[in-house]
Amino acid sequence: MRKIFDFHGGIHPQENKHQSLQTPIRDAGIPPELVLPLGQHIGAPASPIVEVGQRVLKGQMIAEPLGFVSVPVHAPTSGTVSAIEDRQIAHPSGLQAPCIVIASDGRDEWAPLTTAADYRQLAREELLARIRNAGIAGMGGAGFPSAVKLSTRPGSQVNTLIINGTECEPYITADDVLMREQPGRIVAGARILQHLLAPGETLIGIEDNKPEAIAALRAAAQGTEIEVVVFPTKYPSGGEKQLIEILTGKQVPSGGLPLDIGVICQNVGSVVAIHDAIVEGRPLISRVTTVTGEAIAEPGNFTVLLGTPMQYLLARAGYRAEQNRRLIMGGPMMGFTVPDANVPIVKTTNCLLAPGHGELPAPSPAQACIRCGMCAQACPVSLLPQQLFWFAQGKEFEKLESHQLFDCIECGACSWVCPSNIPLVQYYRASKAEVLQLRRDHERSDQSRMRFEARQARLEREEAEKTAKRAARKQAAQQRAQAAAAGGSGDEDPIQAAIDRAKAKKAAQQAGGAQHDASEQEKLEKAVVTTRQRLETASSKLAQAQAEGSDLVTALQTGVDKTRAKLAAAEKALQEFQQAGPALTAGDAAGDPAAAAIARAMAARQADAAMAPADKARNQLQGLEQRLEKTRDRLASSQANGDEQKIIEALAMTVTRLEEKVSAAREQLKNPGDA
Amino acid sequence: MLEFIVQYPLLSALLALVGLGAVFGAVLGFAAVQFKTEGNPIADQINALLPQTQCGQCGYPGCRPYAEAVANGEAINKCPPGGEAGIQALAALLDLEVIPLDEEHGEEKVKAVAFIREAECIGCTKCIQACPVDAILGAAKQMHTVIASECTGCDLCLEPCPVDCIDMIPQRESLQTWHWPLPDPASREPQVIATDAEAAEDRAA
Ligand code: SF4
Ligand code: SF4
Ligand code: SF4
Ligand code: SF4
């Protein structure tokens with residue numbers, strides 16, 4: 001007989017387990033619609049690999065894991081994917097989450113499975129990959145991916161493998177019936193884990209309130225080195241860290257993992273799932289769930305497909321909705337009220353509790369803490385619940401953390417014993433979440449600060465670069481000026497001289513309207529003069545060629561013609577400039593084409609405004625008539641030319657439109673009163 | 001030496017004290033020079049408490065300048081994104097009284113993230129220049145977009161956009177952000193499922 005240890009605190013609530021132990025496990029059957037949330041475990045949600053309308057087979061992977069701490073989702077029966085959308089899930093928030101919805105076809109057709117005749121032949125990595133691909137996540141309640149838990153770092157030695165069959169929470173019997181009815185599969189699964197982890201010892205821990213399960217497992221473990229350890233019933237001995245302390249006497253360090261002291265824990269449900277996945281190749285698509293409470297006519301345990309709506313399962317057990325105030329997923333200590341009876345069963349749904357009216361009444365209102373210290377006595381983690389309560393009320397997060405808030409397992413023992421009915425756990429849950437939120441916010445604000453500072457540095461750098469460039473340019477100019485002054489006029493640098501000349505010219509150009517005009521006129525005059533010179537030389541050359549009878553005559557002739565045309569254009573431009581010049585230079589907008597355009601437009605508008613309305617209308621009419629005339633001409637010419645039908649039609653349309661406008665304008669001119 | 005002490009106990013005690021004072025003074029003076037702290041430690045601490053939204057609602061060009069102003073005696077209630085919690089944290093740090101948020105600078109809002117309606121963006125890069133944390137990506141005449149995970153929700157990019165194609169989308173509560181609320185002491189709604197009636201009677205007995 002091995003030595004059993006005890007952990008601090010703990011409570012003995014009413015067990016209420018017999019109600020659901022009257023019948024063997026029943027099969028819940030295939031519901032018409034299955035809703036499979038993509039995140040049924042701790043870690044990243046899976047990502048769908050099927051499309052709406054696609055037919056899927058039972059056991060086919062429909063969503064693949066995203067990242068290391070993630071597991072896939074499989075189709076629990078054959079059917080068609082009818083939707084991939086947000087649905088309400090079993091979560092205390094009542095929020096929606098992405099789900100794959102499958103309409104079952106009732107044929108329950110299996111996908112091909114990869115079985116292993118002898119798992120001993122498989123490599124460690126292969127075994128872990130199969131466990132992961134089977135979608136197994138801790139079925140005791142938390143839903144931590146089993147493969148992650150089992151991937152021990154090389155070099156770390158597992159001394160003790162613990163199979164958790166404690167099931168300490170009231171009402172729940174899912175693990176109990178599993179141990180009674182399928183002890184062989186549990187032992188076989190434990191042997192797979194033994195092969196995988198090579199632990200020093202393997203223990204199955206069961207509370208002494210389950211004699212049938214103990215007897216069944218002892219019989220099944222006969223001849224193996226697996227030991228079934230029985231210990232007194234006490235809540236919460238099923239907590240991982242508590243069970244480890246009971247069986248080994250060792251405590252998991254605060255903030256540490258069981259593996260730190262060489263222990264790995266697996267729930268019996270997960271062990272059966274691992275067995276099925278390795279030996280039969282079956283992924284995790286169903287689980288055993290207890291349906292109990294006074295509002296259930298035939299309480300008991302069901303093998304239920306994941307994704308089954310709770311409503312469907314409850315109907316199987318004879319649910320009397322009128323007697324039920326609230327539906328709880330999980331047990332009375334750590335469970336939560338589900339937002340709706342239609343949410344799906346997931347991998348962690350170990351119990352549906354539908355209490356009747358007299359059962360689980362609302363606690364009477366909380367009173368002030370009387371500092372009785374009962375909570376501290378009951379706490380299995382030896383925390384100081386009433387201290388934590390004060391800090392939580394005052395939102396003193398630093399103190400909460402220094403009082404090991406994060407070691408609290410949210411077992412509810414403190415609330416249970418509290419004579420003032422203070423919902424202590426609720427405070428811890430809220431505070432934990434708030435602390436995590438603050439940490440996340442702080443990380444984010446740090447990130448923003450870094451980005452802000454980086455941007456600030458970048459702007460400064462750019463500014464500095466700019467000023468440096470400006471300074472360099474100024475300096476260079478000064479140096480040149482000095483050099484010019486020192487060098488004297490004798491040996492002037494030709495390049496410098498050219499630059500200076502260009503600068504002087506530019507300055508002259510910028511100096512103002514009148515000068516600008518003068519230079520413009522100069523330019524034009526110069527153009528006329530040079531073109532005339534070119535024409536002269538070209539003509540003399542042409543004359544010479546004609547005298548010699550050269551064959552270049554035609555080419556020269558065209559050259560002369562072109563130059564003559566250019567000369568004419570230049571002369572015309574000069575003339576126009578001289579005429580327009582005085583008018584433009586009169587305004588202060590001289591020389592700036594944009595300003596000139598604006599000035600013109602304004603002048604036109606003013607003229608328009610000054611005109612009498614009748615004059616305006618007459619002008620308009622004139623314009624319209626002109627346009628009409630032109631369009632008619634074009635229409636006639638395109639008809640004569642036999643243009644495309646489309647163009648002719650468009651022109652005809654324009655003509656009719658213009659005609660209408662002209663007649664309207666005429667009307668208006670006749671009765672100006674309308675305007 | 002011993003004789004001197006025996007002969008003039010008072011004088012030697014005095015000398016010893018003066019000597020000690022001189023030695024420690026020298027050590028402290030050296031330490032002050034050697035381990036001089038860089039920057040302004042109080043402003044740093046204040047800055048660490050500010051939300052780093054960099055929105056300028058406090059009237060300063062960013063959180064850091066406001067932190068420096070607070071270190072020099074500016075009121076602690078001018079940061080709307082920090083809200084009540086921020087004021088409380090600042091008050092605790094500086095040992096000041098908690099005062100309500102100054103309405104003039106705006107009110108506490110749900111956190112939002114900017115979103116550019118990309119089809120309407122004309123690629124003018126104005127929003128990039130406005131964003132204090134470089135959370136907008138784009139190039140001239142190209143579509144722009146906001147890196148949602150870096151956006152602080154400061155609203156500064158809305159105003160410069162000539163085609164008004166930026167929306168601030170308030171962040172909805174999701175499964176990732178939801179958490180249990182603190183229990184309401186006045187509420188009679190069952191919040192925690194602690195036990196059942198029989199057990200309660202057992203306890204009473
Ligand atoms: S809920 Fe937390 S504080 Fe309360 S008894 Fe359990 S572990 Fe201790
Ligand atoms: S109001 Fe607050 S968040 Fe905005 S810049 Fe000022 S200190 Fe920063
Ligand atoms: S994207 Fe807009 S709202 Fe977001 S941080 Fe940048 S400027 Fe502020
Ligand atoms: S300011 Fe508006 S239009 Fe300009 S780049 Fe940004 S989003 Fe596009």
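List of remarks:
- Basic side chains Lys and Arg get +1 at the Cβ, acidic Asp and Glu get -1 at the Cβ, and with that the dipole of the stretch A:296-361 about its Cα centre reaches some 80 debye.
- For the stretch B:1-101, the solvent-accessible area works out to 64 Å² per residue, with a probe of 1.4 Å and every protein chain left in place.
- Cα extents of chain A along the three principal axes, largest first (Å): 135, 81, 68
- Legend: residues B:Phe4, B:Phe30, sorted from most to least accessible area (1.4 Å probe; ligands, DNA and RNA excluded), read B:Phe30, B:Phe4.
- The figure for A:His8 is an accessible area of roughly 80 square angstrom, using a 1.4 Å probe on the protein chains alone.
- Excluding ligands, DNA and RNA, the accessible surface per residue across chain A is 51 Å² with a 1.4 Å probe.
- Kirkwood Rh, angstrom, chain B [1 / mean 1/r, Cα pairs]: 23.0 Å
- The GluC sites (Glu not before Pro) of the stretch B:1-72 that DSSP puts in a loop, and whose beta carbon has at most 15 other beta carbons within 10 Å, are B:Glu38.
- Here the stretch B:110-174 is assigned +1 on the Cβ of each Lys and Arg and -1 on the Cβ of each Asp and Glu. Its dipole about the Cα centre then comes out at about 100 debye.
- Test item: Cα-centred dipole of the stretch A:18-353, Lys/Arg +1 and Asp/Glu -1 on Cβ, debye: 200 debye
- Virtual spin-label span in nm between A:Ile370 and A:Thr530, 7 Å along Cα→Cβ: 11.2 nm
- More than 18 Å apart - percent of Cα-Cα pairs taken over the stretch B:110-174: 25 percent
- Positive-pole candidate from A:Ser93, A:Leu353, B:Leu156, dipole of the protein assembly as shown, charges at beta carbon: B:Leu156
- The stretch A:68-123: trypsin sites (Lys or Arg not before Pro) falling in loop per DSSP and having at most 12 other Cβ within 10 Å: A:Arg107
- Those lysines that a straight Cα-Cα span of less than 30 Å connects to A:Lys395, excepting residues fewer than 8 apart in one chain: A:Lys241, A:Lys432, B:Lys78, B:Lys109, B:Lys111
- Taken across both chains, chains A and B shield about 4200 Å² of accessible surface from a 1.4 Å probe.
- Cα extents for the stretch B:41-105 along the principal axes, largest to smallest and rounded to whole angstrom: 25, 25, 17.
- Partnerless cysteines, meaning none of the other Cys C-beta atoms lie under 4.7 Å away, in chain B: B:Cys58, B:Cys63, B:Cys79, B:Cys121, B:Cys124, B:Cys131, B:Cys151, B:Cys161, B:Cys165
- Whichever lysines have a C-alpha closer than 20 Å to that of A:Lys562, once near sequence neighbours (fewer than 8 apart) are set aside: A:Lys526, A:Lys541, A:Lys572
- Each DSSP beta bridge with both residues in the protein assembly as shown is either parallel or antiparallel, and the antiparallel ones are about 65%.
- Dipole of the protein assembly as shown computed with +1 at Lys/Arg Cβ and -1 at Asp/Glu Cβ about the Cα centre; of A:Leu161, A:Ala430, A:Ala485, farthest Cα towards the positive end is A:Ala485.
- Exposure of A:Asp108 as accessible area (Å², to 10), given a probe of 1.4 Å and all protein chains: 50 Å²
- Taking 0.36 nm per residue of separation and subtracting the Cα-Cα distance, full extension of the segment from A:Thr115 to A:Asp86 would add 7.0 nm.
- The protein assembly as shown, accessible surface, carbon-and-sulfur percent (1.4 angstrom probe): 56 percent
- Surface/4 estimate of mean projected area, convex hull on alpha-carbon atoms of the stretch A:366-427, nm²: 3.6 nm²
- Descending Cα extents along the principal axes, the stretch A:373-495, whole Å: 110, 20, 16
- Radius of gyration and maximum dimension Dmax of the stretch A:18-353, Cα, Å: 19.1, 58
- The packing ranking, built from the mean of other Cβ atoms within 10 Å per residue, places the peptides A:23-30, B:70-77 in the order B:70-77, A:23-30, highest first.
- Candidate lysines for bridging to B:Lys126, where Cα separation is under 21 Å - those fewer than 8 sequence places away on the same chain excluded: A:Lys466, B:Lys141
- Farthest toward the positive end of the dipole of the stretch B:41-105, out of B:Ala92, B:Cys79, B:Cys55, is the Cα of B:Cys55, where the dipole comes from beta carbon charges about the Cα centre.
- The packing ranking of peptides A:256-268, A:222-234, highest mean first, is A:256-268, A:222-234, where packing means the average number of other beta carbon atoms within 10 angstrom of each residue.
- Where no second cysteine Cβ lies under 4.7 Å, the cysteines concerned in chain A: A:Cys99, A:Cys168, A:Cys265, A:Cys351, A:Cys369, A:Cys372, A:Cys379, A:Cys408, A:Cys411, A:Cys418
The values are calculated or read from the model by the stated rules, or taken from the named source; none is laboratory data. What you see is a predicted model, and the numbers here were worked out from it, not measured in a lab. FYI the Cβ positions are ideal-geometry reconstructions off the backbone, even for glycines, and counts take in every protein chain you see. Protein only, heavy atoms only, side chains kept; ligands, DNA and RNA dropped before computing areas. Shrake-Rupley method; radii C 1.70, N 1.55, O 1.52, S 1.80 Å.
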